[in-house]
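Heads up, the thing below is written out as C-alpha cells.
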Amino acid sequence: MTSREQPTSETDERLILETDGLTKRFGGLTAVDDVDFELPEGELRCLIGPNGAGKSTFLKLVTGAHSPTSGTVRFDGEDITGLEPHDRVRRGMSLKFQQISTYQALTVEQNLRVPTQRIRSGQEATDRVEELLDIIGLSDRRTERAGSLAHGDQQWLEIAMAMATDPKLLLLDEPTAGMTVEETQETGELIQDLVDEGVTILVVEHDINLVRQIADRVTVLHQGRIFTEGTVEEITADEDVKRIYLGKAAEGSA
Amino acid sequence: MTEDVTDESTGRIARVRDLLEGQNTLGNSTKFWYGFLVVVGVVFVYPLFTNPYILKVNTNYFIWILLALSLAVVWGYTGIFNFGQTAFFGVGGYTFGIVGITLIDVTGGTNVAIVAAVVVAAIASALLGYFMFYGEISGLYVAILTLAVALTGNLILTRTTNTTIGAAELGGNNGITGIPSLTLGAGPMSFKLGITVQYYLVAALLVATYLGLRILLNSYYGYVLLAIREDEDRTRMFGYDVRNLKLISFSLTASLAGFAGALYAAWGNFIDPSIMGLTLASLPIIWVTVGGRDTLIGPIVAAYALQSMSTKLSTVGSGYTNIFLGAVFVLVVLFFPDGLIPAIVNWWEDRKQGAAESDSRRSAEVDA
Amino acid sequence: MAVVEELFRFLVLMLSFFGTLALAGIGLAIIFGIMGIINFAHGEFIMIGAYSTSMAYQFGLPLIAAIGVGGLATGVFGLVVERLLIRHMYDRLIDTLVATWGLSLILTQVVRIQFGGSFAGVPVPFGTFQYGGFSASMYKIVLGFAAIALFALAYVILMYTDYGLQARAAMQNKDMARSLGVQTDRVYMLTFFFGSVLSGVAGGLFAPLTVLTPSMGSDYIVKAFVTVIVGGANVIVGTSGAALSLGFIQTPASQIFGTLGGRVALLVTTILIIRILPEGISGVVTRD
C-alpha cells in the first residue's frame, strides 16, 4: 500500500513527503500559506528563506507539533495530518531540533540508548549504540554527561540520536548552527554519507555554504509561500532570491 | 554471552546482576551487593535479639520507605512533581480499612482488601493523571494540583462523621478504628500475622520492591522515564507517547503508594484524615529531597533516618519535629540541591580520585 | 418576592466566594505571574497577615488600619524570606517549592509554640444586610468589593509605575529585560514584597470571618492553588476571571451540596478545566 504510485507526480519517483495546500494561521498572521511541497525518496533537499519565512512553522506542521489550519501532510504515501507527533515518528521520520536538545544530565551512552531501544532490543541495541558511538567518535567519552561535551560534539551526538531510529526521512533544523567552518564541513560530509545510505533528508539551513556543499535541490520559502525551487546553481543565481534576502536583512537592521 | 558450563551459578548471578545493574541506578559494584546482603541479613536476623515494640516501629518505617520509593520513581526518575502522593497512600489505607472491616468475617478478606486498595488507588490516580497529562499542563501546576487533591481529600475525610461505607464507620476526624491486621492464606490455611511475622512480610516486600524497581529502571522503561524527565519534546520526537508513559508512571507509583497505605492501615489497625494532611504530604517530599531525587537508595536511607530521628524528637518535646523537618527541608535545598546521599557519594569519589591524583603527582615528582 | 430573594441570596453568596478566592489567590498569583515561582508558604503568609491584623486591632487600631499593619508586617516578612531564601533559587523552580514548603512547616509550628492553638479573633464589622426574608453578613459583600479594589490597585501599580513597567518586561522576557537594563533582581525582590503585602491584607480581611489558628493557612491554600491554576500566568485578567468563574461554580454547588460540596466542586472543576485550558484563562486571553 505504501508503494502506491503518486498520481500527481510527473516522474516515477516515489514521494516520501508531500504537502497539499498546507496553511497555518495564527490569529491574523498566516505563517504558512497554501504550500504544496514534494520531496522524492532519496533526495537531499534544503529549505531556505529569510527569517520569518515560515520555515520552522512548516517543519512543525510536518512533525505534528502544530496542526494545520487547512491542507494535508502525506508521508510515505499515507495521510498523516491527524496523527500525533510520536505516531509520525514511528512511521519513520526523525527530527534534529534547532537548539541543542541532548539529554544534558544523562551520559552519552544513555543518550544514544533512548532512541535506539525503541526499535532494537538486547544485544542488537547494544551493538547499534556502539556503532553510533564509533561514527561520531565519542566511544571513549561514553560515560561523560552530554551537557559537558563541546558544542560541536553535542550537535553530532544529536544527529546520531536522530539516526538511531533508522528513519526514512530525516529532518535537520539548522544542523550546523554555532559550528566552526571546519565542523560545518565535516557535518556536511556526514549528511552526505547518510544520503548515500538511502535516507531522505530535509535540511532547514541559513548557511549558504553548507547548502552549496550538500543540497540536490533547494526550496525557498518567503512570507509563508514557496517562492521558488531549483538546483543550488539556479537558486544562487536567482536575482529575486537575493532581493528577498537583502530586503529582509535591510528591514532587520533598520 | 558465552556461558561457562562448569560454573553455572556464576553465570546465573551475572545474568541477575545484568538485570539489576545499569547507569540508571546507584550501586553497581560487587562491593555494593556485599553491603546490600549484609544490610538485608541484619534486617532479617536482628528480630531474634530485640523486643516487639522495636519491630513494630521498624515495620512502620519500612512502610514509609515503600512510600518514599514510589515518590522517587515518579518524581526523581520521571520528573512528575507529584506532591500529593499521600493522597493515594490515604486512598489505599481507607480502602483497605473499609473493605477489611466489611469482610472481617470472610476468610481471606484482607487479601481482597489489599487488592481493592491497589485497584482503587490505580483508578483514582489514572483519572487525575489523564486530565493532567493529556491536558499537558506545566509541571508546577501538577505540583500544586496534586497537593490540592490531597488537601481536599483530607477535608472530605474530616467531614465523614456518622458516615458508613459497607460495615466501616469512617468517623470524621477520629478516623476508622478496628481495621483488621493482615491474614495470610485462605480458608482453613489462613492465619493472622503477629508482630514478628508482619515485620518479616513487610521487610521481604520492601526488598522485593527495591530489586523490582531496580530491574524496571535499568530496563527499557527506565531509559524512557529518564528521557521524559530530561526533555519531553525530544523524547516525543523519538516516537515515544510521552503523555501515555507519564500517565503509566504516575498511576503505577500511585498504586505502590496505595499498597503501602493498605499495609499501614493493617499495621496500625487504624487510619485517620491526617494521612492526607499538609504535614504528612511533606514527609515523602523531604525523604526524597534529602536522600537525592534520582536514586533509590538515597530516599530509603533518608526515610529511615529522618523517621527515626522524628520519633526520638517527639519524645523530647511535641511540636519540635516539624521545625526540625522544615529546617532540614530548607537547608538541604539551599546547600545540597541534589540531595545528601549523592553529595556524600560524590565527595567520597572526589576524595578517592584526589588521593589517586596526589599519589600519581607524588610519583611524578619522584620521577622528575 | 421569592425569586428576587433567591437571586439576592445567589449574588451575595457568589460575591463572597469570588472575594474569598480572589483574595486567597492574588498574592500567590502576582509572585507566580511575574517570577514564575509558587510560594508554598503562601497559606502561612495569610496566617501572618491575620495574626498581625488581630494584634494591631487588640492594640486599639481601627480595623482598616489594623489590616494595613497586617499587610505591611507580612510584606516585611516576605522581604526577609526573599533575601534569605528565594533569591538563591531563582532558576530552580521546584527547589523554591520545596524550600517554601519547609518554611511553611516551620512557621506553623513556631506560631503554635508561641501563641498556642488559637488566637484572639476580630469581631465582624458592619452588621447584616437585610432584604425581605433574606439576610447576610454585610462584611461578606465588603469582601467581594475589597477584592475588586485590590485588583484595581494591582492593575494601577503594574501599569503606571516604574516598578510595574519593569515587572511586566521581566515577565515577558527575563533575559531581554535584563539586557535592556532592568535589574531583575530588584524587580523580583519588590514583587515578592508586593505579593506578600497582598497576602497579608487578604489575611487581615479574612481575620473577622475565621478562627485564627496556626494551621489556618492550609484552609486557604487550596483555594489559592485552584484560582492560580484556572487563572494562569496573567495576574489581573486571569486571576480575577478564575475567581469569578470558580465562584460561579461554587455558589450553586454549595447551595445544593453544602459547604463541602462547594469546595469539592472547585477542585473537580479545576481538574476538568486543565484538560481544555492547560494555561488557564490566561491562555485564552493571550491566544492569538
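Every number in this text was worked out from the coordinates using simple rules, so none of it is lab data. Predicted, not measured: the structure shown is a model, and the values here were computed from it. Glycine gets a Cβ as well: all are built from the backbone with ideal geometry, and neighbour counts include every protein chain shown.
To make sure I understand, if each residue's beta carbon is the centre and we count other beta carbons within 10 Å, what order do A:163, C:171 fall in, fewest to most?
So the residues, fewest neighbours to most, are C:171, A:163.
If I require 15 Å or longer along the helix axis, counting alpha carbons, and a Kyte-Doolittle average no lower than -1.0, what helices from chain A are left? Use full DSSP H segments. Walk me through the numbers before you get to the answer.
Details: long enough: A:108-119 (19 Å, -0.72); A:122-135 (20 Å, -0.61); A:151-163 (18 Å, -0.22); A:181-196 (23 Å, -0.58); A:239-253 (21 Å, -0.64).
Qualifying helices, which must be both long enough and hydrophobic enough, are A:108-119, A:122-135, A:151-163, A:181-196, A:239-253.
Can you list the lysines whose alpha carbon is less than 24 Å from that of residue B:192, not counting same-chain residues fewer than 8 positions off?
B:56
Which longest uninterrupted range of chain C lacks any trypsin sites (Lys or Arg not before Pro) assigned by DSSP to a loop state (not H, G, I, E or B) and surrounded by at most 16 other Cβ atoms within 10 Å? Can you show the working numbers first?
On the way: sites that count: C:92, C:287.
Result for the longest clean stretch: C:93-286.
In degrees, nearest 10, range 0 to 90: what is the angle between the Cα axis of helix C:184-206 and the longest Cα principal axis of chain C?
10 degrees
Would you mind calculating the relative contact order of chain A from Cα pairs under 8 angstrom and at least 6 residues apart, reporting the percent as a whole number? Mind dumping the intermediate values first?
Working: 440 pairs, mean separation 63.4, N = 254.
Normalised by residue count, the contact order of chain A is 25 percent.
Show the residues, 5+ positions off or on another chain, whose built amide H is closer than 5 Å to the amide H of residue B:271.
B:176
How many angstrom separate the Cα center of the range B:245-276 from the Cα center of the range C:1-51?
32 Å
Remind me, relative contact order of the range B:70-122 in percent, using alpha carbon pairs under 8 angstrom and six or more residues apart?
That works out to 32 percent.
Which is farthest toward the positive dipole end of chain C among C:261, C:190, C:115, measuring Cα position about the Cα centre, with Cβ charges +1 (Lys, Arg) and -1 (Asp, Glu)?
C:115
Please give me, ordered by residue number, the GluC sites (Glu not before Pro) of the range A:155-232 that lie in loop per DSSP and have at most 10 other Cβ atoms within 10 Å.
The qualifying sites are A:197.
Where Rh is the Kirkwood radius over the Cα pairs of chain A, the temperature 10 °C and the viscosity 1.306 mPa s, what D in µm²/s does Stokes-Einstein return?
Taking Rh from Cα pairs, D becomes 83 µm²/s.
Which net charge results when you count Lys and Arg as +1 and Asp and Glu as -1 among the other residues whose beta-carbon is under 11 Å from that of residue B:228?
With Lys, Arg at +1 and Asp, Glu at -1, the neighbours total 0.
Mind checking B:320-333 for the average number of partner chain beta-carbons within 10 Å of each residue's beta-carbon?
Across the residues of B:320-333, the mean count of other-chain Cβ atoms within 10 Å is 6.
Among A:85, A:97, A:146, flag the residue with its Cα farthest along the positive direction of the charge dipole of the range A:81-178, charges on Cβ as +1 for Lys/Arg and -1 for Asp/Glu.
A:85
Near the amide H of residue C:137, under 5 Å away, which other amide H atoms are found, from residues 5 or more places off or on another chain, if H is placed in the peptide plane?
It is C:129, by chain and number.
Quick check for me: using +1 on Lys/Arg Cβ and -1 on Asp/Glu Cβ, what's the dipole size of the protein assembly as shown about its Cα centre, in debye to the nearest 20?
Dipole about the Cα centre, nearest 20: 4800 debye.
Excluding residue B:129 itself, calculate the net charge of residues whose Cβ lies under 13 Å from the Cβ of residue B:129, where each Lys or Arg counts +1 and each Asp or Glu counts -1. Intermediate results must be reported in sequence, preceding the final value.
Working: positive: B:243, B:246, C:275; negative: B:136.
Cβ neighbours under 13 Å give a net charge of +2.
When the helix-only estimate is applied to chain B (DSSP H runs of n ≥ 4, each -39,500 (n - 2.57), divided by the residue count), what is the mean residue ellipticity at 222 nm, nearest 500 deg cm²/dmol?
Helices in chain B give a 222 nm mean residue ellipticity of -23500 deg cm²/dmol.
How far apart, in nanometres, would the label points at residue B:32 and residue C:83 be if each is projected 7 angstrom from Cα along the Cα-to-Cβ direction?
In this crude label model, residue B:32 to residue C:83 measures out at 4.5 nm.
Name the long-range amide H neighbours of residue A:164: under 5 Å, sequence gap of 5 or more, or other chain; modelled H, no Pro or chain starts.
none
Given the options B:171, B:50, B:235, identify the residue whose Cα lies farthest towards the positive end of the charge dipole of the range B:27-278 (+1 on Cβ of Lys, Arg; -1 on Cβ of Asp, Glu).
The Cα lying farthest towards the positive end belongs to B:50.
Using +1 on the beta carbon of Lys and Arg, -1 on that of Asp and Glu, and nothing else charged, what's the dipole of the range B:27-278 about the Cα centre, debye to 20?
With Lys and Arg at +1 and Asp and Glu at -1, about 360 debye.
Specify the angular offset, from 0 to 90 degrees and rounded to the nearest 10, of the alpha carbon long axis of helix C:2-35 from the longest principal axis of the alpha carbons in chain C.
Here the helix axis deviates by roughly 10 degrees.
Between residue B:274 and residue B:200, what length comes free when the chain is fully extended (0.36 nm per residue of separation minus the Cα-Cα distance, one decimal in nm)? Intermediate values should be presented prior to the final figure.
Values: separation 74, 0.36 × 74 = 26.64 nm, distance 2.73 nm.
Gain in length upon complete extension: 23.9 nm.
If the viscosity is 1.002 mPa s and the temperature 20 °C, what translational diffusion coefficient in µm²/s does Stokes-Einstein give for chain B when Rh comes from Kirkwood over Cα pairs?
Roughly 97 µm²/s, to the nearest whole number.
Can you give the charge dipole size of chain A about its Cα centre, rounded to the nearest 20 debye, using +1 on the beta carbon of Lys and Arg and -1 on the beta carbon of Asp and Glu?
My answer is approximately 1120 debye.
Could you put A:202, A:190 in order, starting from the residue whose Cβ has the fewest other Cβ atoms within 10 Å? List each step's numbers first, then the result.
Working: A:202 24, A:190 17.
Going from least to most buried by this count: A:190, A:202.
Pairing the Cα long axis of helix C:138-160 with the longest principal axis of chain C, what angle in degrees results, from 0 to 90 and rounded to the nearest 10?
20 degrees
Other chains near A:109-118: what is the mean number of their Cβ atoms within 10 Å of each residue's Cβ?
Mean partner shielding for this stretch: 6.
Report, in order of residue number, the helices in chain B meeting two criteria: a C-alpha extent of 27 Å or more along the helix axis, and a mean Kyte-Doolittle hydropathy of at least -1.0; treat each whole DSSP H run as one helix.
Correct list, ordered by number: B:52-71, B:109-134, B:139-158, B:195-217, B:242-268, B:297-316, B:340-367.
Can you tally the net charge around residue B:173? Count Lys and Arg as +1, Asp and Glu as -1, for every other residue whose Cβ sits under 11 Å from the Cβ of residue B:173.
Charge balance near residue B:173 sits at 0.
Averaging sequence separations of C-alpha pairs under 8 Å and six or more residues apart, then dividing by the length of the range A:103-148, give the relative contact order as a whole percent.
63 percent
Given a cut-off of 18 Å, name the pairs among B:246/C:223; A:96/B:246; A:24/A:60; A:60/A:242; A:24/B:246; A:24/A:168 whose C-alpha atoms lie farther apart than that in the structure shown. Show your work: numbers first, answer last.
Details: B:246/C:223 27 Å; A:96/B:246 23 Å; A:24/A:60 10 Å; A:60/A:242 26 Å; A:24/B:246 30 Å; A:24/A:168 25 Å.
Going by Cα-Cα distance, B:246/C:223; A:96/B:246; A:60/A:242; A:24/B:246; A:24/A:168 fall outside the 18 Å limit.
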